[in-house]
Amino acid sequence: MPNSIVNKDPEILGGTPVFAGTRVPVRILFEHLEAGDSLDDFLDSFPTVTRVQATQLLELAMKQITESDEAAA
């Protein structure tokens with residue numbers, strides 16, 4: 001993943017993938033969305049994460065899932 005979106009460093013939260021420049025784990029975005037929260041709600045709760053980072057992460061996840069589905073077909 002591009003470094004402007006996600007950072008994985010053993011010195012930050014034990015290597016948990018976080019949004020670059022923050023200490024916000026990327027899984028928190030997915031947990032918020034799964035709970036029915038909007039992207040705006042997530043961004044309001046975690047102002048250190050930019051809208052660009054969040055949307056790029058979602059686009060990458062969708063691309064990976066789509067490519068995975070196509071490979072399985």
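The values are calculated or read from the model by the stated rules, or taken from the named source; none is laboratory data. Note that the structure is predicted; figures quoted are calculated from it, not measured. Here the Cβ positions follow ideal geometry from the backbone for every residue, glycine too, while neighbour counts run over all protein chains shown.
Quick notes on this structure:
- Single condition F42 does not satisfy, out of (1) modelled with pLDDT under 95; (2) in contact with a His (Cβ under 8 Å, 6 or more places away or on another chain): (1)
- Counted residues, the range 41-67 - those being assigned to a loop (DSSP other than H, G, I, E, B) and loosely packed, with under 15 Cβ neighbours inside 10 Å: 2
- Test: residue in the range 33-40 that is charged (D, E, K, R), farther than 22 Å from I12 by Cα and outside any loop (DSSP other than H, G, I, E, B): yes
- Close pairs from the range 7-33: first farther than 18 Å from V52 by Cα, partner of a type in the set (D, E), Cβ under 8 Å, at least 6 apart: G15/D9
- Evaluation of E70 against (1) more than 11 Å from the chain's Cα centre (by Cα); (2) in a loop (DSSP other than H, G, I, E, B) (one fails), failing number: (2)
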